[in-house]
Every structure is written in structure tokens, then in C-alpha cells.
Amino acid sequence: MSDNRAQEVHAKVGELYRAESRQVLATLIRLLGDFDTAEEALQEAFAVAAEQWPRDGVPANPRAWLVSTGRFKAIDGMRRRARYDASLNELARRIETTTSDPLEQTDEPIEDNRLRLIFTCCHPALSPEAQIPMTLREVCNLTTEEIARAFLTKPATIAQRIVRAKAKIRDARIPYEVPPAPELPERVEAVLRVMYLVFNEGYSASFGPSLTRVDLSREAIRLGRLLLQLLPDPEVMGLLALMLLHESRSQARTSASGDLVLLEQQDRLLWNRDLIREGIMLVERALASKRIGPYTLQAAIAAVHAEAPSAGETDWAQIVALYDLLMRAEPSPIIELNRAVAVAMRDGPAKGLELVDALLKRGELAQYHLTHATRADFCRRLNRKDEARVSYERALALAKQEPERRFLGKRLRELED
Amino acid sequence: MKYLCLVYVEEKIFSAFPSQERRAISDEAMSYCEKLQKAGQLLAASPLHPVETATTVRVREGKTSTTDGPFAETKEQLGGFLMIDVPDLNDAIRIAAQFPAARFGSVEVRPMKELGCAD
């Protein structure tokens with residue numbers, strides 16, 4: 001084979017690794033019953049491919065070839081190590097007899113294994129601190145270093161969480177399965193929560209020094225698309241729509257100088273119309289399902305904003321109505337606060353102020369900077385300057401992110417003019 | 001795979017139930033355990049006397065110290081246990097979730113190490 005051809009094959013192996021390694025891994029875990037053994041087998045299979053394919057050519061079904069090679073390599077390795085640990089012989093025999101070589105059988109639905117992988121990484125018996133890096137590493141194929149950078153932490157910390165999670169999966173025997181129907185809604189919710197946490201981390205990180213960080217929002221959206229393809233559940237649609245609609249405003253959310261721009265003041269021409277179209281289509285599909293959950297309602301609210309030509313022309317009555325439904329589906333003080341903002345837009349700032357004060361009186365969200373920032377904004381619009389100042393100062397004392405602090409400082413100075 | 005399900009209950013909460021309800025709960029727990037036993041999933045189970053009856057024993061530098069009750073004052077106390085044998089954690093979680101005390105207390109599901117395991 002010519003050098004040119006060999007180079008082409010090498011490029012092909014690299015491309016397959018990026019595109020298919022997670023599918024191959026998901027199937028190997030299924031066949032071998034263990035994350036670490038599967039990962040080792042995956043690396044070995046690609047190593048053999050890199051050596052053999054330039055000589056023998058790329059096989060007809062590369063993915064099945066990789067799974068088959070990984071499986072044989074793992075069984076082989078167990079037999080070799082069985083000299084020191086006799087139980088491995090038994091394990092190798094069991095894998096050989098209870099699973100079949102993917103090259104000889106009709107395709108096992110690969111989608112099932114990808115879903116098994118997602119549900120296992122997001123198993124509720126693992127802490128969110130473990131679920132997130134497990135999902136990003138095993139499902140999204142980010143490196144430990146990339147995950148650590150994205151969360152501004154040390155690679156060793158992330159590596160340790162992954163090691164512990166894998167140990168728990170093995171020792172507590174968390175099964176590699178798609179949960180049965182009665183448990184599915186709850187388990188899907190756990191997966192969606194992980195996805196939304198990843199998205200939000202990316203969303204808020206985009207203010208910081210983000211150039212060297214992996215775009216977590218994009219990863220979450222990619223994961224959302226994959227999950228929707230595997231499991232067309234209305235809330236999966238709802239969350240994907242919500243993420244797309246938030247993402248559509250990413251260009252408009254910060255000014256050239258890196259300052260925060262509120263929804264009201266954003267240049268709507270900067271909103272990404274393709275993402276909005278896709279988001280709205282998904283919201284409509286989810287709403288049509290008649291099984292409407294909190295993510296779909298939040299996405300519907302984002303869709304009303306996306307469809308409005310300006311903040312003033314927003315259908316605030318509809319937004320308030322959607323918040324009412326959301327309060328019923330999932331009561332939370334954060335939703336109450338957001339609802340207060342919508343009510344203020346519909347009925348005037350005095351009504352909004354009443355609602356926020358009621359929240360604070362109940363002792364809810366008193367340590368949350370946005371509660372005070374919202375209160376300050378209502379007072380400012382009502383021309384109650386002294387009260388506005390006190391609330392802006394309180395918000396400033398609680399806010400942690402630099403752009404938010406700059407924004408609040410600016411509002412505080414404007415009060416003096 | 002064997003799991004030990006440790007059932008934690010706030011004793012104050014349980015003793016505040018009307019006696020009829022308490023009886024109904026223990027009847028339900030008994031018949032649930034019987035069902036698990038018939039299915040071959042239960043190895044052992046027992047409720048425990050209240051925490052005031054507990055004694056904590058420690059041996060330090062050869063000296064035995066015996067103290068009244070558990071050392072830490074926790075809100076929920078160990079009220080009983082079930083030892084089960086099921087294929088995986090999801091089955092163990094299902095069994096724990098159906099145990100009556102899970103509705104007002106909590107059940108800690110711990111995988112048991114095989115005897116003779118090195119680690």
C-alpha cells in the first residue's frame with residue numbers, strides 16, 4: 001500500500017475514534033460487564049486497527065470489527081492473567097459463552113447500549129458530582145483535562161470522582177440497563193437534570209475567561225440531541241428546546257466589552273434564528289404530546305420571548321399564565337421570583353414589588369443576589385430611590401460574578417444622577 | 001449479590017403515630033418480609049429495640065470502654081435491618097422503596113463484601 005493510502009487509513013482510524021468510540025465502548029461495557037475492562041479493550045481494538053488496517057484495508061463494518069476485536073482482546077487478556085487469578089478463567093469462559101461475537105450475529109441495536117451508558121452514568125445512586133464527569137467522559141468523550149478546565153478544577157479531582165463512581169458501579173452492582181417503564185420517568189428526569197446542570201455551567205461560564213474552556217452548553221445540546229434520537233420523550237424535547245432557545249441569545253447576552261445585557265435591552269437581531277426555529281418546533285411537539293412537564297413549560301416561556309419583536313411587545317399575559325402552570329407543576333421560590341418579574345411587566349412594578357416582598361417576608365431567597373436586584377429594579381421604576389439603593393447594595397454584596405457586579409454597580413451609580 | 005438494608009427512623013415520629021397505625025405498619029412490614037422470603041430474596045431481617053437500649057463498645061489500647069447509647073446524637077436512628085440477596089442495585093432499591101418505613105424514615109442500601117475478598 002502506498003504511503004498516501006496508509007495516511008488515509010490512519011486519518012480514517014482517527015475519525016472513527018472521534019465518531020464511534022462511544023458506541024463501541026457502550027457495547028463493550030455490555031459484553032464485558034465492566035467499565036475499566038471495556039475501556040482497555042476499546043484502546044486495544046483501536047491500536048490493532050491502526051496497525052492492521054493500513055496493511056489489510058478497512059473492514060466492511062468497522063464498528064462491528066472494533067467491538068469484535070475488543071471482545072477477543074479482553075477474553076484473551078483474562079486468559080493470560082488467569083495464571084495469577086484463577087477466577088478470570090471462569091469470567092472469560094462466561095463472557096465467551098453468554099455473549100456473541102458481533103461480527104457473527106445480526107446487529108444488536110446499538111442505540112440500546114448508548115442509552116444504557118447514559119442511564120448508568122446518570123444513575124441516582126451516584127452523586128451529581130460523579131454523574132456529571134462520568135457523563136462528559138464516557139458519553140461525550142471529553143478528556144479528564146477538558147472536564148477539569150471546564151469546571152475550573154484539577155484533573156486529579158475529576159479523575160478521582162470518575163474512579164470512585166466506577167468503583168461504586170462495580171461494587172454496589174449498578175446494572176447496565178435501560179430502566180423498565182414504571183421507573184423510566186424518574187430516571188429520565190435524573191438524566192435531564194445532569195444535562196441541564198452541564199448546560200447551565202456552560203451558560204454562566206461564558207462570562208468568565210472562557211477561551212480555553214470546552215463549550216459545555218454545546219456539549220449539553222449535543223447530548224440532548226442524542227438523547228432525543230434515542231428516546232423521543234416530551235420532556236427531552238422540552239429541555240432540548242429550552243437549551244436551544246437560551247443558546248440562541250448567547251451573542252446578545254454580553255456587550256463587546258464583556259458586560260451583561262439584560263433580555264429587555266438585547267439586540268434581537270443578534271439572536272440566532274435557526275436555533276429559535278428548531279427550539280420552537282420542539283416546544284410545539286412537546287406541547288402537542290399532552291404530557292407537559294416543567295422543562296417544556298420553561299421552554300414555552302423562552303419561546304414567547306423569542307417570538308417577541310421587542311421586550312415591550314412581549315405577550316406578558318401568556319408568560320404569567322405559563323408561570324402559573326409551572327408553579328403548579330414544580331413550585332419553587334426561583335419560579336415565584338421570575339413570575340414576579342413577568343407580573344411587573346404585565347401589571348406594573350408595584351404589583352411585582354408586592355410579590356417579591358412577600359417572598360422575602362417568608363425568608364425565601366434572601367441570600368440570592370437576584371432577589372434584591374429584582375426588588376431594586378422595581379423600586380427604581382417606582383422612583384423609590386432610597387429603597388432601590390439599599391436593595392442594589394444588598395445585591396452587590398451577594399453577587400459573585402464580575403459582569404453582574406459591574407452591572408449592579410452601574411445601576412447604583414445611575415441612581416445618584 | 002447481597003445487600004444490607006439499614007432502616008433508619010426518627011423514633012419520635014414513629015411513636016407519635018396512633019397505635020392502630022403503628023400496628024398496621026408493623027403488620028405490613030411483617031407480611032412484606034414474608035413475601036420476600038417466599039421469593040428467596042430475604043436472608044434475615046429484624047426490627048431493633050429503641051436506641052435507649054443501645055450500648056457502644058470500644059477497645060483502645062487494650063482497654064474496653066462501654067458507653068450508653070450511640071456516641072453521636074443523630075436525628076434518625078437505626079430501627080431495623082433486612083439482609084437481601086438480589087441480582088443488582090436496582091432490585092435492591094426496589095425492595096427498599098417498598099419497605100413501609102421508607103415512607104417516613106429512610107433505608108440505606110449497602111452492598112455486602114463477599115467473604116474472603118482481598119480488598
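Could you please state, rounded to a whole Å, how far the C-alpha centre of segment A:286-301 is from the C-alpha centre of segment A:330-347?
18
Quick check on segment B:17-119: take the gyration tensor over C-alpha atoms, sort the square-rooted eigenvalues as a ≥ b ≥ c, and tell me if it's rounded (a/c under 1.5), prolate or oblate.
Details: a/c = 2.36, a/b = 1.23, b/c = 1.92.
Because a/c hits 1.5 or more and a/b fails to exceed b/c, segment B:17-119 counts as oblate.
Rounded, prolate or oblate: pick one for the protein assembly as shown, where a ≥ b ≥ c are the square roots of the eigenvalues of its C-alpha gyration tensor, a/c under 1.5 means rounded, and failing that, prolate if a/b is larger than b/c, else oblate.
Values: a/c = 2.05, a/b = 1.19, b/c = 1.73.
Note, shape of the protein assembly as shown comes out oblate.
Measure nothing fancy, just the Cα-based angle from helix A:184-205's long axis to the longest principal axis of chain A, in degrees from 0 to 90, nearest 10.
Between the helix axis and the principal axis of chain A, the angle is about 70 degrees.
For every helix of n ≥ 4 consecutive DSSP H residues, a contribution of -39,500 (n - 2.57) applies; sum these over chain A, divide by its total residues, and give [θ] at 222 nm rounded to the nearest 500 deg cm²/dmol.
Details: 19 runs with 292 residues, N = 417.
It comes out at -23000 deg cm²/dmol, rounded to the nearest 500.
Which whole-number percent gives the relative contact order of segment A:110-228, counting Cα pairs below 8 Å spaced six or more residues apart?
Values: 122 pairs, mean separation 36.0, N = 119.
Once normalised by length, the contact order is 30 percent.
Under 10 Å, Cα contacts only: if you run a Gaussian network model on chain A, which one of A:ALA19, A:ALA300, A:ALA74 comes out with the highest mean-square fluctuation?
Looking only at A:ALA19, A:ALA300, A:ALA74, the biggest GNM fluctuation is shown by A:ALA19.
Give me the count of lysine pairs in chain A whose alpha carbons sit under 20 angstrom apart, restricted to pairs 8 or more positions apart or on different chains. Write out the running numbers ahead of the final one.
Working: A:LYS154/A:LYS166; A:LYS351/A:LYS361; A:LYS351/A:LYS385; A:LYS385/A:LYS410; A:LYS400/A:LYS410.
Number of lysine pairs found: 5.
Let's see if you can work this out: charge +1 on each Lys and Arg Cβ, -1 on each Asp and Glu Cβ, no other charges. What is the dipole magnitude of segment A:1-83 about its Cα centre, in debye to the nearest 20?
My answer is approximately 280 debye.
Over chain A, what relative contact order in percent results from Cα pairs under 8 Å that are six or more residues apart?
On the way: 501 pairs, mean separation 36.0, N = 417.
The value is 9 percent.
Place the peptides A:284-290, A:134-140 in order of packing, highest mean first, counting for every residue the other Cβ atoms within 10 Å and averaging per peptide.
Numbers: A:284-290: 15.4, A:134-140: 24.0.
Put in order of decreasing packing, that is A:134-140, A:284-290.
What percent does the relative contact order of segment B:1-93 come to when contacts are Cα pairs within less than 8 Å and at least six residues apart?
Values: 115 pairs, mean separation 44.4, N = 93.
So the answer I get is 48 percent.
Distance between Cα centroids, segment B:1-32 to segment B:45-77: provide it in whole Å.
Cα centres, segment B:1-32 to segment B:45-77: 21 Å.
About the Cα centre, and with charges only on the beta carbon of Lys, Arg (+1) and Asp, Glu (-1), how big is the dipole of segment B:21-119? Nearest 20 debye, please. Intermediate values should be presented prior to the final figure.
Values: 12 positive and 15 negative charges, 21 e Å.
Dipole magnitude for segment B:21-119 comes out near 100 debye.
Tell me the angle of helix A:294-307 to the major Cα principal axis of chain A, expressed in degrees between 0 and 90 and rounded to the nearest ten.
Taking the Cα atoms of chain A, the angle to A:294-307 is about 60 degrees.
Where a Cα-Cα gap under 15 Å defines reach, which aspartates and glutamates qualify for B:LYS12, not counting those fewer than 8 residues away within the same chain?
B:GLU21, B:GLU52, B:GLU73, B:GLU76
Which GluC sites (Glu not before Pro) in segment A:311-417 pass both tests, a DSSP loop state and at most 10 other beta-carbon atoms within 10 Å? Spell out each step's value before the answer.
On the way: sites: A:GLU313, A:GLU336, A:GLU354, A:GLU364, A:GLU387, A:GLU393, A:GLU404, A:GLU414, A:GLU416; in loops: A:GLU313, A:GLU364.
Sparse-neighbourhood loop GluC sites (Glu not before Pro): A:GLU313.
What is the sum of charges, Lys and Arg at +1 and Asp and Glu at -1, for the other residues whose Cβ falls under 12 Å from the Cβ of A:THR314?
Working: positive: A:ARG268, A:ARG346; negative: A:GLU264, A:GLU307, A:GLU313, A:ASP315.
Around A:THR314, the surrounding residues sum to -2.
Using a 10 Å cut-off around each Cβ, can you sort A:HIS123, B:HIS49 from fewest to most neighbouring Cβ atoms? Display every interim value, and only then the final one.
Values: A:HIS123 25, B:HIS49 9.
Going from least to most buried by this count: B:HIS49, A:HIS123.
D for segment A:263-417, whole µm²/s, Stokes-Einstein with Kirkwood Rh over alpha-carbon pairs at 4 °C and 1.567 mPa s: what number?
Working: Rh = 16.8 Å.
Stokes-Einstein gives a translational diffusion coefficient of 77 µm²/s.
In terms of the Cα gyration tensor, with a ≥ b ≥ c the square roots of its eigenvalues, is segment A:3-108 rounded because a/c is under 1.5, prolate because a/b exceeds b/c, or oblate? Let's see the in-between values first.
On the way: a/c = 2.23, a/b = 1.80, b/c = 1.24.
Cα axes put segment A:3-108 in the prolate bin.
Compute the long axis of helix A:110-121 from its Cα atoms, compare it with the longest principal axis of the Cα atoms of chain A, and write down the angle in degrees, 0 to 90, nearest 10.
Long axis of A:110-121 versus the principal axis of chain A: about 60 degrees.
Net charge near B:ARG103, counting Lys/Arg +1 and Asp/Glu -1 over other residues with Cβ under 14 Å of its Cβ?
Details: positive: B:ARG22; negative: B:GLU10, B:GLU21, B:GLU28, B:GLU76.
Around B:ARG103, the charge tally is -3.
For every other residue with a beta carbon closer than 13 angstrom to the beta carbon of A:ALA300, add +1 if it is Lys or Arg and -1 if Asp or Glu, then tell me the sum.
On the way: positive: A:ARG285; negative: A:GLU235, A:GLU284, A:GLU307, A:ASP315, A:ASP324.
Summing Lys/Arg as +1 and Asp/Glu as -1 gives -4.
I need A:ASP347, B:ASP27 ordered by Cβ neighbour count within 10 Å, fewest first. Before the final figure, lay out each step's value.
On the way: A:ASP347 14, B:ASP27 11.
The order, fewest Cβ neighbours first, is B:ASP27, A:ASP347.
Values in this text are rule-based calculations from the coordinates and carry no lab data. The structure displayed is predicted, hence computed values, not measured ones. Backbone-built Cβ (ideal geometry, glycine too); neighbour counts: all protein chains shown.
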